[in-house]
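Here's the structure, in structure tokens; my notes come after.
Just so it is clear, none of the values below were taken in a lab; they were calculated from the coordinates. This one's a predicted model, so the numbers in the text were calculated from it and none came from an experiment. All Cβ positions, even for glycine, are placed from backbone atoms using ideal geometry, and neighbour counts span all protein chains on display.
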Amino acid sequence: MSTSMATAINAYVDAVKSAGAGTGGAAAEKMPGGNFADVMKSIGESALEAGAKADQMSIAAVEGKANVAEVVTAVANAELALQTVVAVRDQVVTAYQEILRMPI
């Protein structure tokens, strides 16, 4: 079963909203650092920024305007950010699938 990260996040957000509906939204307000969707959005944005910086550094290196060490560092940071996003996505999907297997 292939489940996208967006589906898993939306299901989680819907569950939080429905749980918070009976408590006046207190469940969502108690979450440190904002809600889950905001955290996932910020992780994705930081990974995209790292990728964009790696692209810019690579272009600058081709033009002869950047140091090779800076390019390697930027590309390594982008790779690490992507690996982190993939690991988080895998955990979210696994958790979502576990929730689906729970008896009602």
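A compact table of results
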{"quantity": "Residue tally, condition surrounded by fewer than 13 Cβ atoms within 10 Å (Cβ to Cβ), in a loop (DSSP other than H, G, I, E, B) and among the aliphatic types (A, V, I, L, M), over segment 57-94", "calculated": "0"}
{"quantity": "Qualifying positions in segment 39-54 - touching a residue at least 12 places away in the same chain (Cβ under 8 Å) and either under 18 Å from Val92 (Cβ atoms) or surrounded by fewer than 13 Cβ atoms within 10 Å (Cβ to Cβ) (or both)", "calculated": "Met40, Ile43, Gly44, Ser46, Ala47"}
